[in-house]
1. If Val18, Val43 are ordered by their accessible area, calculated over protein heavy atoms with a 1.4 Å probe, which sequence runs from highest to lowest?
2. Work out the FRET efficiency for Thr35 and Asn93 from their Cβ-Cβ distance, taking R0 = 25 Å, and round it to the nearest 0.05.
3. Modelled label-to-label distance, Glu198 and Thr132, 7 Å Cα→beta-carbon offset: nm?
4. So for the pair Ala186, Ile219, with labels modelled 7 Å out along Cα→Cβ, what separation do we get in nm?
5. Report the local net charge at Met79: Lys and Arg +1, Asp and Glu -1, summed over other residues whose C-beta lies under 11 Å from its C-beta.
Amino acid sequence: MWEAIGRPGIAVNDTHIVGAVDGIISRLCTDNKITKSSITLHVVLKDEVNAFALPGNHLVVYSGLMLSCRNAEELSGVMAHEIAHIEKHHVMNKLVKEVGISILASLLGGNGGTEILKEIIRLTSSTAYDRTMEDEADEAAAGYLARAGIDPEYYANFLFRIAEQTDLPEELVLVNTHPNSRNRAAAILKLKHKTKTEYRPVMSPAAWKQLKQEIKIRIS
């Protein structure tokens with residue numbers, strides 16, 4: 001799979017960068033009774049503003065997304081959304097629909113070629129889920145965030161912000177693959193008002209700033 005992606009610089013050896021994202025996922029999973037050990041995290045040094053789930057509960061996060069988030073709460077929102085896709089089996093349901101059972105069976109049997117892998121990556125990272133799946137993932141994400149003591153409004157703010165940007169660079173894949181970001185943000189705010197909880201910081205502003213600085217150093 002990584003060969004098909006092109007093996008961009010995977011930050012597996014930087015325990016601080018990977019650990020920060022893993023800590024967010026752990027908090028979301030623990031407070032929502034999701035089996036954390038079933039999710040495999042990959043932090044990739046790549047400019048694209050993107051995160052996506054792959055078959056086998058692999059969650060890929062690009063450094064471009066981390067740099068575009070203004071705080072750890074915004075990143076938590078995107079992570080909650082991708083975890084929802086995993087928990088609701090959207091990844092495999094979509095692939096069965098788009099690729100077909102026979103091709104997936106061949107892949108799972110170890111007979112998948114590079115072109116098949118590239119198609120799976122394209123479908124899961126560069127083509128939007130249908131609106132129903134996106135709405136389901138957002139609704140679940142809002143609940144995950146609230147139960148973990150993370151204000152869903154930060155996620156809504158992130159979606160509003162990327163929806164309002166003009167002259168988008170090619171790297172801003174998240175906008176291209178989620179064209180209803182403004183409507184989704186409004187829906188998340190409505191869901192927030194249905195929950196009453198005490199929110200706790202995910203990371204201090206200073207720690208978040210330092211983390212982003214470390215990412216920039218790695219990229220350079």
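The values are calculated or read from the model by the stated rules, or taken from the named source; none is laboratory data. On a predicted model such as this, the values are computed, not experimentally measured, just so you know. Heads up, the Cβs are rebuilt from the backbone with ideal geometry, glycines too, and the neighbour counts pull from every protein chain shown. For the accessible areas, the whole protein counts, side chains as well, though only heavy atoms, and no ligand, DNA or RNA atoms are used. Shrake-Rupley method; radii C 1.70, N 1.55, O 1.52, S 1.80 Å.
1. On the way: Val18 35, Val43 5 Å².
Descending accessible area places them as Val18, Val43.
2. On the way: r = 19 Å, r/R0 = 0.78.
Once the sixth-power term is evaluated, E becomes 0.80.
3. Placing both labels 7 Å along Cα→Cβ, they lie 4.1 nm apart.
4. For the pair Ala186/Ile219, the computed spacing is 3.2 nm.
5. Around Met79, the charge tally is -3.
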